[in-house]
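Written below as structure tokens is the structure these notes are about.
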């Protein structure tokens, strides 16, 4: 099997594929794999088109003759990082199976305002009917990728990884976490069965005894599971590390307390900062030496990237 291309998107030649699904999609130095199989992709996009009644667009049917063909460019109005192109392309394909598509930018690419992401040529009715659905997919996911990339840039050189959380849109988790990867971030656990995270309410149910909570987790969790404990103060970090936690989550700690906690955990457990982290505070937090920074806002508060479909 051919080894993945390790170059950043900016260093690779521009693709001229019919669709991003025809080749691996990369972000930074690791492979970025689209999370949906083809049947799932088709079902999701078709459901979105059905929701929008795209197959019965009365405005377009009334104003555009059936055999009219058109060419349009899917463009970025603002600079950002792209994600969700395959979903947008599939929207056009489902309305016009013979649509011709030239891809200029793939998921994980950083684009400037005015750049073309892809060109479509096909029946004008199909392009107009699919337009809103195609934009909805790409604007949302590209917004997540763009916000993630901004955080990644802000911590560059510190060694800290930017990670997401489970604060995702119901039913969209795999796609939103994919968009985080497109922006250069990393995924935290995918679901409640993917690793142990002992939080304050779990500890309350154990009378606040970190050692007992960790011990029970070791006994009951599947072999090889990472055990993470949410801590609010350095003393709690020490208790969690002494109990054998693999990761300590520094929840809403002041920077000085984070720095002390990093020193306590050094060489014994990984450290993760979380809670109310913004673009204004993330650099100082990264400079405490934490290994990871998890940010719920990446998926629950990312503004949509301004994209548009421009007809020639």
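Some values worked out for this structure:
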{"read-out": "Linear extension gain, residue 41 paired with residue 69, 0.36 nm per residue minus alpha-carbon span", "value": "7.5 nm"}
{"read-out": "Simple label model, 7 Å out from Cα along Cβ direction - residue 287 to residue 158, nm", "value": "0.9 nm"}
{"read-out": "Choice from 148, 278, 63 showing the highest fluctuation, given a GNM over the chain with Cα pairs closer than 10 Å", "value": "63"}
{"read-out": "Square roots of 5 times each gyration tensor eigenvalue, C-alpha, region 72-154, largest first, Å", "value": "24, 12, 10"}
{"read-out": "Footprinting exposure proxy for 111, 82 (fewest neighbouring C-beta atoms within 10 Å first)", "value": "111, 82"}
{"read-out": "Inter-label distance, nm, simple model (7 Å from Cα along the C-beta direction), residue 58/residue 209", "value": "6.8 nm"}
{"read-out": "Computed [θ] at 222 nm, helices only, for the chain once each DSSP H run of length n ≥ 4 contributes -39500 (n - 2.57)", "value": "-11000 deg cm²/dmol"}
{"read-out": "Choice from 39, 97, 254 showing the highest fluctuation, given a GNM over the chain with Cα pairs closer than 10 Å", "value": "39"}
{"read-out": "Per-residue Cβ neighbour rank within 10 angstrom, fewest leading, 73, 261", "value": "73, 261"}
{"read-out": "The chain: relative contact order as a whole-number percent, Cα under 8 Å and 6+ apart", "value": "20 percent"}
{"read-out": "Gap separating the Cα centres of region 278-312 and region 130-187, nearest whole Å", "value": "8 Å"}
{"read-out": "With 10 Å bins from 0: P(r) over region 154-300, alpha-carbon pairs, percent", "value": "12, 41, 36, 11, 0"}
{"read-out": "Per residue convex hull volume, Cα atoms of region 159-212, in Å³", "value": "109 Å³"}
{"read-out": "The chain: projected area of the alpha-carbon convex hull, averaged over directions, in nm²", "value": "18.3 nm²"}
{"read-out": "Theoretical FRET efficiency, 1/(1+(r/R0)^6), r = Cβ-Cβ of residue 199 and residue 304, R0 25 Å, to 0.05", "value": "0.25"}
{"read-out": "Inter-part distance where region 65-112 and region 223-241 are each reduced to a Cα centre, Å", "value": "46 Å"}
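No value in this document is a laboratory result; all are computed from the given coordinates. Just so it is clear, the model here is predicted, and its values are computed rather than measured. Heads up, the Cβs are rebuilt from the backbone with ideal geometry, glycines too, and the neighbour counts pull from every protein chain shown.
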